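**Student:** Okay, here's the structure, questions in a sec.
Bear in mind these aren't lab numbers, they're just calculated from the coordinates by the rules spelled out. Every value quoted in this text rests on a predicted model; they were computed, and no experiment measured them. FYI the Cβ positions are ideal-geometry reconstructions off the backbone, even for glycines, and counts take in every protein chain you see.
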Amino acid sequence: MTTSTARPEAAAALRQAIDGACDRVAPTWPLDRFIAVNPYWGWRHTPIADAAAMLGALAGTALTMPRQWFHEEWAAGRLDDRHLDAAASALGVPGLADTARDLLAGPAERGSSPLRRMPLLTDIVDSSPTAGPLPGRSWTDLVAHQIGQQCASHFDECQATWAPDQARALFGAWRADPSVTHGFRWRHGSDWARERLDSLPDSPFGAIDAALGSLCIVDGAREEYLTAMLASVNGWAAWCAYRRWQARLAGSDDEAIVDLLAIRVVWEWLLAADVDDDADMRIRSAAWAASWSTVADVADANREAQRVEWVLQGALERTYQDSIIGGLGAATPAPAVPELQAVFCIDVRSEVFRRALETTEPSVETRGFAGFFGLPISYTPAGSALTRPQLPGLLAPTLEVTDIASGREPEALVTQRSNALGERQRWDAFRRQPSSVFSFVEALGLLYVVKLVKESMPHRHRPVSWELDGLGHVAERLRPRLALLDDDPAAAALLAHRVLVGMGMLGGFAPLVMLCGHGSLSANNPHAAGLDCGACGGQTGEVNARVLADLLNDQRVRDRLRGMGVDLPLSTWFVAALHTTTTDAVELFDVDLVPESHRQRVGALEQSLRVAGDHARAERAASLGLGHLVPVPRRLERALVERANDWSQVRPEWGLAGNAAFVVAPRWRTRQLDLQGRSFLHDYDWRLDPDWAVLTSIMTAPMVVTNWINLQYHASTVDNRR
């Protein structure tokens, strides 16, 4: 079969439709680096109500809560009907405010306004009396399952013992796979299906072109139809979008998402051909194809049906904004030079701990800054070949960090770690060999009973991360270090200056400055990285905090900073820390390097952190069902640690649930407010930013990250199934 697109302008239009559909898919990060992503990122240039209307038409996606929920928010005082007029005017329909008031004043309505979704051909075939592909299975489920199996094997990264040939592109590998067409109830038989598949052009572009021509999808609706195709396999589409995202960060490209799109469209094409000899199905298929010319009308109908929901959503958000804005003007500036400065990640969980620390230690000045601390780094643990990014997914690392060891034999530690990892790899390979499957369980299975019982009992020991496995206590001698610091101290000083400018710390340094990253603690949790620091690429902020403290304590860097107008006095020392958000414990690092002049201050800080942890845990206890333990702080702490180590606990903490605002201002503006762990807090002083470069950086990096987090949590609430 040849491509139906002969004219260059037709080929360009199809390419544009394919690119448009692929660009609408937001990336998803792998589980070991999982970060929250705005799932509607590809629609960021479209007003949200318009995007919601089209997403409803193409995927059945809802972006607002049911009307009953808005009614409950209004009854609880969290939706002020004074804001309904402004919200309705913002939509361009002022009269909707009265409609919304009538809705709130009446009985609570269950459900949301119904959305109409454009059917796919798999839906049409499944709705016919024709037998499905397998007993008890629909074509919709079968196609999604088959594509999922193909992608799982094709994109496997060293997990499966046996893997297919991954040298081919996804579409070519799928097309050559004999299992694609066998084992299903084709009307014309599996040999026919194989012949049809072989008749397609080899390229994914050509296959899409041929399939769309045969399906008779009109030119004006092709981008929308292709978007619906990707939405039907959105998980794998998001993974392919991630591959493209990473490739483009590196200056290249990845076409796997186009391959996936071709596979999904070809499935529709195969089904259409298989039912073509059925007169009734032929008529229904033709009507279905023609219906795609009305997709814009369907979206318009969805938009009309949802307008009241968007008025209610707008009023709800304005009500919450008022609760914050009203308290900003009552603030007074803090003292010029505090005794202690503590820089935390802007993460909403840090807000709770910052308030607790400020209550415990009134002389402290807490500050908010993105948790990767402005370091564009990747980290390679010594003795390992694995390198991981330690920065937001929006960026690509440009600098390298690895471990150095204190003591007389640093190379021995590297060798020890390398050997430990090698032994684990060989052991895992032995366990997975086909010849070992049964003999391993029979011979060694009982040895795991003690471990299983031990891990099932309440306990408080932290699970050992793979970087430290096999090192024991000698791991304490390893410190992450920026290679640039030794290779080019002048460039390292420029980096330090850029970070200090971004943090707004150009003078008035306290004697002790704590740089506090954050991470979570959980056991047997595949989404554990999603609870760590999103600004650090789904890792903890330990490496970044320790590297920056090392950088700013270096005398060579300080000497050069002085020439740039930043005087870091000898009386100031930076100490790195990590806030474990599951247990609200804060650990200080590299305290053995603290000079004698600062030991007493560090000791006092550790005591303040323990007391602040008690306050923070008490505030969070009720949301975790542990409110009854608040009067007994040590029991509450023990319960949280045991909860974190419970391998059956899927929610050791609530992460960033409830996040609702991003405040960019000096901390003294919000210090008197109880923001309830719902606000991202980024310090910023416009007087130190004459050319708005810092504000631009905040709005194009941290603000985008907070947008990703906010809409990821929003989407998981309003449309949890997808």
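**Student:** In nm, what is the difference between 0.36 nm times the number of residues separating I283 and T398 and their Cα-Cα distance?
**Tutor:** Working: separation 115, 0.36 × 115 = 41.40 nm, distance 5.79 nm.
My answer for the length gained is 35.6 nm.
**Student:** Continuing with this model, one more query. What percent does the relative contact order of the chain come to when contacts are Cα pairs within less than 8 Å and at least six residues apart?
**Tutor:** The normalised contact order for the chain reaches 18 percent.
**Student:** Follow-up. Taking the Cα centre as origin and putting +1 on Lys and Arg beta-carbons and -1 on Asp and Glu beta-carbons, what dipole magnitude results for the stretch 529-597, to the nearest 20 debye?
**Tutor:** Numbers: 5 positive and 11 negative charges, 76 e Å.
Its charge dipole is roughly 360 debye.
**Student:** For the stretch 496-545, what is the relative contact order in percent, using Cα pairs closer than 8 Å and at least 6 residues apart in sequence?
**Tutor:** 31 percent
**Student:** How large is the dipole of the chain about the Cα centre if only Lys and Arg carry +1 and Asp and Glu carry -1, each at its Cβ, rounded to the nearest 20 debye? Numbers along the way, then the final one.
**Tutor:** Details: 70 positive and 88 negative charges, 256 e Å.
Its charge dipole is roughly 1220 debye.
**Student:** Could you list the residues of the stretch 241-255 with an amide nitrogen less than 17 Å from a label point located 7 Å from the Cα of D165 in the Cα-to-C-beta direction?
**Tutor:** none
**Student:** Could you check what % of the DSSP bridge pairs in the chain are antiparallel, to the nearest 5?
**Tutor:** Values: 14 of 41 bridges.
Among the beta bridges of the chain, antiparallel pairing accounts for roughly 35 percent.
**Student:** Sticking with this one: Which order do the peptides 297-306, 574-583 take when ranked by the mean count of other beta-carbon atoms within 10 Å per residue, highest first? Could you put the intermediate results ahead of the total?
**Tutor:** Details: 297-306: 18.1, 574-583: 25.3.
Result, highest mean first: 574-583, 297-306.
**Student:** Let me see the P(r) profile for the chain: every Cα-Cα distance counted, bins of 10 Å, each bin given as a percent of all pairs.
**Tutor:** With a bin width of 10 Å, the distribution comes to 2, 12, 20, 22, 20, 15, 7, 2, 0.
**Student:** For helix 633-644, report the angle its Cα long axis makes with the longest principal axis of the Cα atoms of the chain; keep it between 0 and 90° and round to the nearest 10°.
**Tutor:** The angle comes out near 40 degrees.
**Student:** Just the isolated ones, please: cysteines in the chain lacking another cysteine beta carbon under 4.7 angstrom.
**Tutor:** Flagged as lacking a Cys partner: C22, C151, C158, C216, C240, C345, C516.
**Student:** Given points 7 Å out from each Cα along the Cα-Cβ axis, report the Q672 to A622 separation in nanometres with one decimal.
**Tutor:** 2.4 nm
**Student:** For an R0 of 30 angstrom, estimate the FRET efficiency from the Cβ-Cβ distance between A331 and L506 and round to the nearest 0.05. Spell out each step's value before the answer.
**Tutor:** On the way: r = 22 Å, r/R0 = 0.73.
Calculated transfer efficiency: 0.85.
**Student:** Positive end of the charge dipole of the chain (Lys, Arg +1 and Asp, Glu -1 on Cβ, about the Cα centre): tell me which of W686, G56, V513 has its Cα farthest that way.
**Tutor:** V513
**Student:** Another question about this same structure. Can you compute the modelled spin-label distance between D23 and L494, with each label point 7 Å from Cα toward Cβ, in nm?
**Tutor:** 3.3 nm
**Student:** To the nearest 500 deg cm²/dmol, what mean residue ellipticity at 222 nm is calculated for the chain from DSSP H runs of n ≥ 4 alone, each contributing -39,500 (n - 2.57), summed and divided by the residues?
**Tutor:** Numbers: 27 runs with 351 residues, N = 722.
So the helix-based figure for the chain works out to -15500 deg cm²/dmol.
**Student:** Between N720 and D98, what length in nm is gained on full extension when 0.36 nm per residue of separation is reduced by their alpha carbon distance? Could the numbers behind the result be given before it?
**Tutor:** Values: separation 622, 0.36 × 622 = 223.92 nm, distance 3.06 nm.
My answer for the length gained is 220.9 nm.
**Student:** Relative to the longest principal axis of the chain, what angle (0 to 90°, nearest 10) does the C-alpha long axis of helix 256-274 take?
**Tutor:** The angle comes out near 30 degrees.
**Student:** Okay, moving on. Could you give the length gained by full extension between A12 and A176, i.e. 0.36 nm per residue of separation minus their alpha carbon distance, to one decimal place?
**Tutor:** Length difference between fully extended and current span is 56.3 nm.
**Student:** With the Cα gyration tensor of the stretch 75-136 in hand, give its eigenvalues times 5 under a square root as the equivalent ellipsoid semi-axes, listed largest first in whole angstrom. Write down the numbers at each step before the final one.
**Tutor:** Working: eigenvalues 368, 48, 18 Å².
Gyration-tensor ellipsoid for the stretch 75-136: 43, 15, 9 Å.
**Student:** By count of other Cβ within 10 Å, fewest leading, how are V547, V594 ordered?
**Tutor:** Taking fewest neighbouring Cβ atoms as first place, the list is V594, V547.
**Student:** Continuing with the same structure: For D403, D347, which order do you get if you count the other beta carbons within 10 Å of each Cβ and list the fewest first?
**Tutor:** On the way: D403 22, D347 29.
Final ranking by Cβ density, sparse to dense: D403, D347.
**Student:** Count the net charge of all other residues whose Cβ sits under 14 Å from the Cβ of W192, scoring Lys and Arg as +1 and Asp and Glu as -1.
**Tutor:** Numbers: positive: R185, R187, R194, R196; negative: D191, E195, D198, D274, D276, D277.
Net charge around W192: -2.
**Student:** Ok, one more. Which trypsin sites (Lys or Arg not before Pro) in the stretch 89-166 pass both tests, a DSSP loop state and at most 12 other beta-carbon atoms within 10 Å? Write out the running numbers ahead of the final one.
**Tutor:** On the way: sites: R101, R110, R116, R117, R137; in loops: R110, R116, R117.
Counting only loop positions with at most 12 other Cβ atoms within 10 Å, the trypsin sites (Lys or Arg not before Pro) in the stretch 89-166 are R110.
**Student:** Kindly express, to the nearest 10 degrees and within the range 0 to 90, the angle between helix 410-432's C-alpha long axis and the longest C-alpha principal axis of the chain.
**Tutor:** 30 degrees
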